[in-house]
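The values are calculated or read from the model by the stated rules, or taken from the named source; none is laboratory data. Given the structure is predicted, the values throughout are model-derived calculations rather than measurements. Glycine also receives a Cβ, built like all others from the backbone with ideal geometry; neighbour counts cover every protein chain displayed.
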Amino acid sequence: MTTVLLSTAGELHARVRHGRRAVVMTMGALHEGHATLIRSARQIAGPDGEVVVTVFVNPLQFGAGEDLDRYPRTLEADLKLAEQAGADAVFAPSAAEVYPGGEPQVRISAGPMGERLEGASRPGHFDGMLTVVAKLLHLTRPDVALFGQKDAQQLALIRRMVRDVNFSVEIVAVPTVREEDGLALSSRNRYLSPDERRTALALSRALFAGRDRHAAQEALRARAREVPSTQARAEALSAIGESRAAADAHAVATVAPGGPATVRAAAGQVLDEAAHLDPPLQLDYLALVDPADFTEIGADFTGEAVLAVAARVGTTRLIDNLPLTFGSLGAAS
Ligand SMILES: Nc1ncnc2c1ncn2[C@@H]1O[C@H](COP(=O)(O)OP(=O)(O)OP(=O)(O)O)[C@@H](O)[C@H]1O
Ligand SMILES: CC(C)(CO)[C@@H](O)C(=O)[O-]
Ligand code: BAL
């Protein structure tokens, strides 16, 4: 298959549509994470459908002093990767093509969710991101658009925009692709020196520490629930022997003050340690949030939450997150 390179809206619109169109939007500097999105798009579109990858470094979503100028631009390599992953077309417009009248006056506002976490650190970022995503949806007119879980807040805001202003597109999320040692793939990883990369591993390690604490807590809760009342629990504990009973009682007791705070603390400890590495990790935020609105979850939260982290190593700012399900087995008795 030969992937076609398109650079104007006219070329895109002149393209005859085949079956379902699946679109993957990117800022280029493509890596295996993007390839995974493109392969998923290929599966969704099927052999009779088509996969369009957009490559556009959107100036509107970069703040003053951010890395717009040094953001890697590698179109030739991107075309090859997109082709190998199964794309039919790559749409790589210029800024003048996307914003023919200069910076747009009318924009999409991300609302309160867009001001939290990433939005607090990068004011205006999500308005700029949603504005270009809306434009690219109009330009590419997909049936399905795929986005990575790695940018969890972006994904949540795109879902919200599609719902709030009735875009007729299905949004599909793709899990985060990681290096073998856990580092989430990101175009910005190529800014890292070997020493900085070692420090950057603390982001995923912190998330894994939080996930492990969470898994242990959920297992203990499940055990506690097996015995429905205090009286029944005591009887069940003596039935399984004194030492097991003591360990069990201790385990059940220690799970009680746990929950989100303990998960945050486990992740936070890894990040605190990384602040003393050379080069150090400078934490921006660590948060355990409800993906519906990106507010911190409370102690009695149930359902899927997102443990999210952002930090700087040297001049590179990285983000990562893990979804964690709370109380999946019901509330503790
Ligand atoms: N490791 C990954 N796993 C899955 N999806 C990813 C991964 N990295 C990026 N994506 C997704 O690819 C799409 C394009 O992202 P983008 O081009 O910004 O890449 P990026 O690697 O996230 O770059 P950056 O370094 O700017 O964050 C987004 O939907 C993003 O969530
Ligand atoms: C969705 C996106 C392509 C909009 O510029 C960008 O934010 C990205 O690559 O994640
Ligand atoms: N991957 C999200 C796009 C950005 O950082 O601007």
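Sort through ALA77, ALA85 and tell me the only one that's buried (at least 17 other Cβ atoms within 10 Å of the Cβ) and away from ligand 3 (no atom under 16 Å from the Cβ).
Step by step, each of ALA77, ALA85 is checked, and only ALA85 is buried (at least 17 other Cβ atoms within 10 Å of the Cβ) and away from ligand 3 (no atom under 16 Å from the Cβ).
Going by what's in this entry, would ARG211 be described as more than 15 Å from the chain's Cα centre (by Cα), within 14 Å of ligand 1 (Cβ to nearest atom) and farther than 27 Å from GLY49 by Cα?
It is false that ARG211 is more than 15 Å from the chain's Cα centre (by Cα), within 14 Å of ligand 1 (Cβ to nearest atom) and farther than 27 Å from GLY49 by Cα.
So is SER121 surrounded by 13 or more Cβ atoms within 10 Å (Cβ to Cβ) and in contact (Cβ under 8 Å) with a residue 40 or more places away in the chain or not?
yes
So which of ARG39, ARG116 is assigned by TED's automatic domain parsing to the domain that holds ARG163 and within 22 Å of VAL144 (Cα to Cα)?
Going through ARG39, ARG116 in turn, the sole match is ARG39.
Does ASP67 meet the test of being within 14 Å of ligand 2 (Cβ to nearest atom), at pLDDT 95 or above, assigned by TED's automatic domain parsing to the domain that holds ARG21 and under 21 Å from the mean Cα position of the chain (by Cα)?
yes
Out of the residues in the stretch 133-185 that are near ligand 2 (Cβ under 10 Å from one of its atoms) and under 11 Å from the mean Cα position of the chain (by Cα), which is farthest from ALA311 (Cα to Cα)?
Result: PHE147.
Any residue at all in the stretch 171-186 that's closer than 29 Å to ALA261 by Cα and in a helix (DSSP H, G or I)?
No, because not a single residue in the stretch 171-186 is closer than 29 Å to ALA261 by Cα and in a helix (DSSP H, G or I).
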